[in-house]
1. Just to be sure before I move on: is R282 within 13 Å of ligand 1 (Cβ to nearest atom) and farther than 22 Å from G207 by Cβ in the structure I sent?
2. With the requirement that a residue be over 17 Å from L323 (Cα atoms) and of a type in the set (A, V, I, L, M), what does region 65-80 give you?
3. Would you be able to say whether some residue in region 284-300 is among the small types (G, A, S), more than 11 Å from the chain's Cα centre (by Cα) and either loosely packed, with under 15 Cβ neighbours inside 10 Å or assigned to a loop (DSSP other than H, G, I, E, B) (or both)?
4. Which of the strands (runs of 3 or more DSSP E) contained wholly in region 102-220 include at least 2 residues that are more than 29 Å from Y304 (Cα to Cα) and either at pLDDT below 95 or of a type outside the set (S, T, N, Q) (or both)?
5. Within the group E216, E116, which residue is under 28 Å from F313 (Cβ atoms) and either touching a Gly at 6+ places or on another chain (Cβ under 7 Å) or assigned by TED's automatic domain parsing to the domain that holds N295 (or both)?
6. Scan (1) part of a strand (DSSP E or B); (2) at pLDDT below 95 for the single condition S303 breaks and write down its number.
7. Among the numbered criteria (1) touching a helix residue (DSSP H, G or I) at 6+ places or on another chain (Cβ under 9 Å); (2) outside any loop (DSSP other than H, G, I, E, B), which single criterion is violated by M309?
8. Mind telling me which of the residues G164, G204 ends up being within 16 Å of ligand 2 (Cβ to nearest atom), in the same structural domain as L150 (by TED's automatic domain parsing) and surrounded by 14 or more Cβ atoms within 10 Å (Cβ to Cβ)?
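The values are calculated or read from the model by the stated rules, or taken from the named source; none is laboratory data. Keep in mind the model is a prediction, meaning the values are calculated, not measured. All Cβ positions, glycine included, derive from the backbone under ideal geometry; neighbour counts span all protein chains shown.
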Amino acid sequence: MENETKPPLPSVGITYNLKKGVISEADDIEAEYDSFDTIAAIRDVFLSEGYKVELFEADADIVERLKEAKPDIVFNIAEGTTGRGREAHIPAILSYLGIPYTGSDETTLAMALDKEITKRYLSTFHIQTPDYRLAKSPSIEEGPGLTFPLIVKPNHEGSGKGIGQTAVVDNAEELKAVLDKNFKLYGQPMLIEQFISGREFTVGVLGNGENARAFEPMEIRYLKEGRENRIYSFHVKTHYKDYVEYICPPLLDDETNNRMKETALKIHRVLSCRDFSRIDFRLSDQGDIYFIEINPLPGLAPSYSDYPMIAEFCGMSYKELILSVFNCALERYGMKPWNPNRGE
Ligand SMILES: Nc1ncnc2c1ncn2[C@@H]1O[C@H](COP(=O)(O)OP(=O)(O)OP(=O)(O)O)[C@@H](O)[C@H]1O
Ligand SMILES: [Mg+2]
C-alpha cells in the first residue's frame, strides 16, 4: 500500500565532544576529545546496520536536543568538559531523561576519573597499585615519604594529558619543579606515585558482570632507551610509531597472562563497569602486576586508540567491536537489535 506508514527505524544517538583546535600553553589541552573521523566511523557502523543515527555534540543545549529527539538509545563517548566529574555529565543527563546508553553509568565514570579514589577503593579488594601521595598544592612541607624515582600525574586526567617527558623524577628538586609547572598548567591535585619500571600492558574488557570477558593483554613495548622514552606519555602516544610497538598477544607465561586478565576482570566488576573498559598495568621486574589506571570510556579512534587495536589483534573488526559494545548495552536494557529485514 502506497500510503502505508513504515515504523521509524530505531534511532541511535551518538554523544561526543569534538576537538576544537584550541591553542593553549598546555599542548595537550584537547587530548581527550575526539576528531570527527571517529564520530563518522561509529555513525557509519550504525547506518550500515539500518539504524537512524543522530549526532549530539555535548555542548550547552544538549539537554534540550536530547529531550526533543529522544533517541531510542545513545552510544556515548562524550568526555565532558570541566571538572573531575566531567565524564559523568552526559551519562547523568541520559539517566535523568530515561534514555538508555552504552557504557558505564555516571557513578563509575566519576569515580574512575579520580585516580586516587580509584586506587584507594581497589586496594580494599587487594588489587596491587603503586604507593602514592596526593599533593593538593605545589609546596610539599614534608618529603613525600616514597622512594625515588617517582612519577607525577594530574589526578583526574586521561589520554596522557599532563604526563610529559619530565614526569618521572629522581629527587626532591625535580619533584618540586614538576609540581610547580603542573599546578600552573592543570590546576588540580597531583598524584605522586612510585615509578614501576618494567613492562607495560593494557587489557580490554567487554561485557557485563559474570559475562564480561578480557581480550588478550596488549604489550606496549618501548623502542628507545632512556626512561623518558619509556612512559606512555602524551608525546609518545601522539608519535607512537617512533617510540613503541604493540604486541598482542604478548610474550608472557600463561600464569602471568591469566593473572593479568583475571585482575582486569575483577577491576571491571568491582567498579561496576558496564559494556567495556580498558585497564593499564605495569609488570614489575619481580613479576608483580601493578594496576596503573582504568579507562571505563576508552578511546575509540579506529586504528589509533588502544582498545580498537586490541580488538583487531584478537580478530574483531572495528564494526564488530562497536556492535558488540552496543549489543551488551541492549542486553542490559532488555532491548533487541534492530532487524531491517523483519522491520522490527
Ligand atoms: N606508577 C607508574 N610507574 C611507571 N609508569 C607509570 C606509572 N604511572 C603511569 N605510568 C606511565 O605513564 C603512562 C600514563 O599514565 P596513566 O595511564 O595513569 O595516564 P592516563 O593519561 O590516564 O592514560 P590514558 O591515555 O590511558 O588515559 C602509563 O601508560 C605508563 O607508561
Ligand atoms: Mg593510561
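1. yes
2. Within region 65-80, L66, A69, A78 meet the criteria.
3. Checked against the condition, which is being among the small types (G, A, S), more than 11 Å from the chain's Cα centre (by Cα) and either loosely packed, with under 15 Cβ neighbours inside 10 Å or assigned to a loop (DSSP other than H, G, I, E, B) (or both), region 284-300 yields at least one hit.
4. 132-135
5. E216
6. (1)
7. Unmet condition: (1).
8. G164
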